[in-house]
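The values are calculated or read from the model by the stated rules, or taken from the named source; none is laboratory data. Treat the numbers as computed from the prediction; the structure is a model and nothing was measured. Neighbour counts run over all protein chains shown; Cβ positions are idealised from the backbone, glycine included. Areas reflect the complete protein model, heavy atoms only, side chains present, ligands, DNA and RNA absent. Shrake-Rupley method; radii C 1.70, N 1.55, O 1.52, S 1.80 Å.
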Amino acid sequence: MEVEAGRRDASALDPELLQLPDLAPGALRENSSIADALYAQWLVLPETSKLVKSLIEEAKTGGPLNVAGSSASTNAASSSSLPSMFPAGSAPPLSPRSTAGSPRVMRRGSGAGPSTLGSPLKLVSEPVREVIPQFYFKKGRPPPKDLKEQCLSRLDHLFFAGEGLQIHEFRPVIKDICKLPSFLSGVLFKKIDAACSGTVTRDAFIEYWINDNKITMDTPSQIFEILRKPGYSYLTQEDFKPILKELLATHPGLEFLQGTPEFQERYAETVIYRIFYSINRCGNGHLTLRELKRGNLVAAMQQLDEEEDINKVLRYFSYEHFYVIYCKFWELDTDHDFLIDKENLIRYGNHSLTYRIVDRVFSQVPRKFTSVTEGKMGYEDFVYFILSEEDKSSEPSLEYWFKCIDLDGNGILTTNEMQFFYEEQLHRMECMAQEPVLFEDILCQMIDMIGPENETYFTLRDLKRCKLSGNIFNILFNLNKFMAFETRDPFLIRQERENPTLTEWDRFAHREYIRLSMEEDGEDASNGSGDVWDESLEAPF
């Protein structure tokens, strides 16, 4: 009843002449009947009816609604098209706003000046132009001014009185200025002295090292630029021969080879073959800058330059490792024509390899032979073979033997392919009166060991993820290592735990060097000529 009475009272009022006393905030909220009556009265006004009809027509035609998108603009539109509810000067005051934390106050700022933010439309129409510094330099990044001045200052002490340096005086330059191994000095000297005048002047060195931006390159890039021939984007084996020649002439750990130039040449070849075996993963004989950066050759060269005992540099340059490789080759090469055939290789490791795997090696599937004699491998081919055989945990070795077992070359090792090679192993165990292990049992063991993504075959990716994957190949074609793996020699296990940084090749080379040196000492003692070199002996040293 009170609501109906309120509506009758509101309908009797003229909106233009409506006078309301000042209302306290919240008065309409407390008396909702008055608010409902005012809203009902607003709906029956002619202006409201026109507005609603126009909105309905626009909605039917699919056109945009002529309604402001914000509450502020809606209120403005309503106040302009509809009669004001309050006469001028009688509107209730707005509640005071707190100046602390107000977004509007924060946007306007406390100063009396104009806003520092500006209009967003202005930011779009006038974008800020950001200058991007140059990040690619075709010939390398130019050196900073302080680095260039520091280098020039040190050069003044080396190139005194404006005179040039000869090749035997150039080593301090490459050590102090270039910060590179000293056995690169000869190559760098000849690189700068293109006219072969025998002297490198201060200006010529500045032009090559500073003005050509070599000074700002990383160490692998510097070595790569020094070694590579003009016009080539890769290094070949020939590019490494000059630094090996200088190393043999200057390193204190190789002085004992001064009187045996033949073995100097063999040592240099072996080092180069080992470098390309480990780093040149494509196997094409072209060593790229990317491969040089990914390998550990630069670190080995820096260690070699600081270490007087060359046998402590296990990567590539150890003389003991060369000695083992060369003696192993010499033992198999019975006619000493520097070539090995199948019958020679089958004797390797006390006949530990099967005939089937030797046939695969000589089919040149894992690597094409460099030997020009058909059916025989040369010394370089043997270096690749022995490194792969004695360290099956390395990636080059895994790739080498994976190609041998992959008979159809489809990139997977199937059960039939593995069984084909294991059949000969099984036959050899029976001939040696050992208890044979069935292939089904050994296959389950290999699957548990590798954990392949698909248990029906092995991929090269599966083998590279497992540290024990080298044992798979020993199981398939190396009987001696297979039996050693089955027996698990505690002494070898303890050695591996004591020196976890040593590779399988490092341990093998150490054991073989001790054995070979003891055999040579025994032969010298039996012949009574320990201090005299006898060329009639079969041993190469």
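Output the residues belonging to the stretch 306-327 that are assigned to a helix (DSSP H, G or I) and either closer than 14 Å to ILE223 by Cβ or open to solvent by less than 40 Å² (accessible area, probe 1.4 Å) (or both).
ILE310, TYR319, HIS321, PHE322, TYR323, VAL324, ILE325, TYR326, CYS327
Which members of the stretch 160-176 meet the condition of being in a loop (DSSP other than H, G, I, E, B) and crowded, with 21+ Cβ neighbours inside 10 Å?
PHE170
List every residue pair whose Cβ atoms lie under 7 Å apart, where the two residues are 6 or more positions apart in sequence or sit on different chains, the first residue falls within the stretch 481-499 and is modelled with pLDDT of 70 or more, and the second residue, located anywhere, is of a type in the set (Ser, Thr, Tyr) and open to solvent by less than 70 Å² (accessible area, probe 1.4 Å).
Close Cβ pairs (under 7 Å, with a partner that is of a type in the set (Ser, Thr, Tyr) and open to solvent by less than 70 Å² (accessible area, probe 1.4 Å)) amount to LYS481/SER352.
Just checking, how many residues over the stretch 126-159 are among the polar types (S, T, N, Q) and either surrounded by 10 or more Cβ atoms within 10 Å (Cβ to Cβ) or at pLDDT 80 or above (or both)?
Of the residues in the stretch 126-159, the ones among the polar types (S, T, N, Q) are 134, 150, 153.
Adding the requirement that they be either surrounded by 10 or more Cβ atoms within 10 Å (Cβ to Cβ) or at pLDDT 80 or above (or both) leaves 150, 153.
Final tally of qualifying residues: 2.
Taking the residues in the stretch 217-261 that are part of a helix (DSSP H, G or I) and aromatic (Phe, Trp, Tyr) as candidates, determine which candidate is most open to solvent (accessible area, probe 1.4 Å).
Among residues in the stretch 217-261 that are part of a helix (DSSP H, G or I) and aromatic (Phe, Trp, Tyr), the one most open to solvent (accessible area, probe 1.4 Å) is PHE256.
Does the stretch 290-305 include one or more residues that are in contact with a helix residue (DSSP H, G or I) (Cβ under 6 Å, 6 or more places away or on another chain), acidic (Asp, Glu), touching a residue at least 40 places away in the same chain (Cβ under 8 Å) and open to solvent by 20 Å² or more (accessible area, probe 1.4 Å)?
Yes, the stretch 290-305 contains at least one residue that is in contact with a helix residue (DSSP H, G or I) (Cβ under 6 Å, 6 or more places away or on another chain), acidic (Asp, Glu), touching a residue at least 40 places away in the same chain (Cβ under 8 Å) and open to solvent by 20 Å² or more (accessible area, probe 1.4 Å).
Do you know which of the residues in the stretch 197-214 that are among the β-branched types (Val, Ile, Thr) and over 29 Å from PRO252 (Cα atoms) is surrounded by the most Cβ atoms within 10 Å (Cβ to Cβ)? Spell out how you get there, then give the answer.
First, the residues of the stretch 197-214 that are among the β-branched types (Val, Ile, Thr): 199-201, 206, 210.
Next, from what is left, pick out any that are over 29 Å from PRO252 (Cα atoms): 201, 206, 210.
Numbers: THR201: 16, ILE206: 17, ILE210: 19.
The residue in question is ILE210.
I'd like to know if the stretch 458-468 contains one or more residues that are open to solvent by 60 Å² or more (accessible area, probe 1.4 Å), assigned to a helix (DSSP H, G or I) and either on the phi > 0 side of the Ramachandran plot or among the acidic types (Asp, Glu) (or both).
No: the stretch 458-468 contains no residue that is open to solvent by 60 Å² or more (accessible area, probe 1.4 Å), assigned to a helix (DSSP H, G or I) and either on the phi > 0 side of the Ramachandran plot or among the acidic types (Asp, Glu) (or both).
Being in contact (Cβ under 8 Å) with a residue 40 or more places away in the chain, open to solvent by 10 Å² or more (accessible area, probe 1.4 Å) and either part of a helix (DSSP H, G or I) or among the aromatic types (Phe, Trp, Tyr) (or both) is the requirement here; does GLU269 meet it?
yes
Residues to consider are LEU426, LEU502, LEU407; find the one that is open to solvent by less than 80 Å² (accessible area, probe 1.4 Å) and touching a residue at least 24 places away in the same chain (Cβ under 8 Å).
One residue alone meets the criteria, LEU502.
How many residues does the stretch 328-341 contain that are open to solvent by less than 20 Å² (accessible area, probe 1.4 Å), aliphatic (A, V, I, L, M) and either closer than 28 Å to ASP218 by Cα or outside any helix (DSSP H, G or I) (or both)?
1
Of all residues in the stretch 177-196, count the ones that are open to solvent by 50 Å² or more (accessible area, probe 1.4 Å), at pLDDT 90 or above and either in a helix (DSSP H, G or I) or over 18 Å from CYS151 (Cα atoms) (or both).
Number of matching residues: 2.
Name every residue in the stretch 404-439 that is part of a helix (DSSP H, G or I), closer than 20 Å to THR487 by Cα and out of contact with any Pro (no Cβ under 8 Å at 6 or more places or on another chain), in order of residue number.
Our first condition is that a residue be part of a helix (DSSP H, G or I); within the stretch 404-439, this holds for 404-405, 415-431, 439.
Subset that is closer than 20 Å to THR487 by Cα: 422, 425-431, 439.
Those that are part of a helix (DSSP H, G or I), closer than 20 Å to THR487 by Cα and out of contact with any Pro (no Cβ under 8 Å at 6 or more places or on another chain): TYR422, GLN425, HIS427, ARG428, CYS431, PHE439.
Assess whether VAL105 counts as being modelled with pLDDT under 70, of a type outside the set (S, T, N, Q) and either more than 30 Å from HIS251 (Cα to Cα) or outside any loop (DSSP other than H, G, I, E, B) (or both).
yes
Here's the yes/no breakdown for (1) under 12 Å from ILE475 (Cα atoms); (2) touching a helix residue (DSSP H, G or I) at 6+ places or on another chain (Cβ under 8 Å); (3) among the aliphatic types (A, V, I, L, M):
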site	(1), (2), (3)
TYR379	no, yes, no
PHE385	no, yes, no
SER388	no, yes, no
GLU395	no, yes, no
LEU398	no, yes, yes
CYS404	no, yes, no
LEU407	no, yes, yes
THR414	no, no, no
HIS427	no, no, no
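Across the stretch 353-375, which residue is least open to solvent (accessible area, probe 1.4 Å) among those that are in a helix (DSSP H, G or I) and in contact (Cβ under 8 Å) with a residue 60 or more places away in the chain?
Step one: of the stretch 353-375, the residues in a helix (DSSP H, G or I) are 355-362.
Subset that is in contact (Cβ under 8 Å) with a residue 60 or more places away in the chain: 355-357.
Values: TYR355: 132, ARG356: 72, ILE357: 1 Å².
Among residues in the stretch 353-375 that are in a helix (DSSP H, G or I) and in contact (Cβ under 8 Å) with a residue 60 or more places away in the chain, the one least open to solvent (accessible area, probe 1.4 Å) is ILE357.
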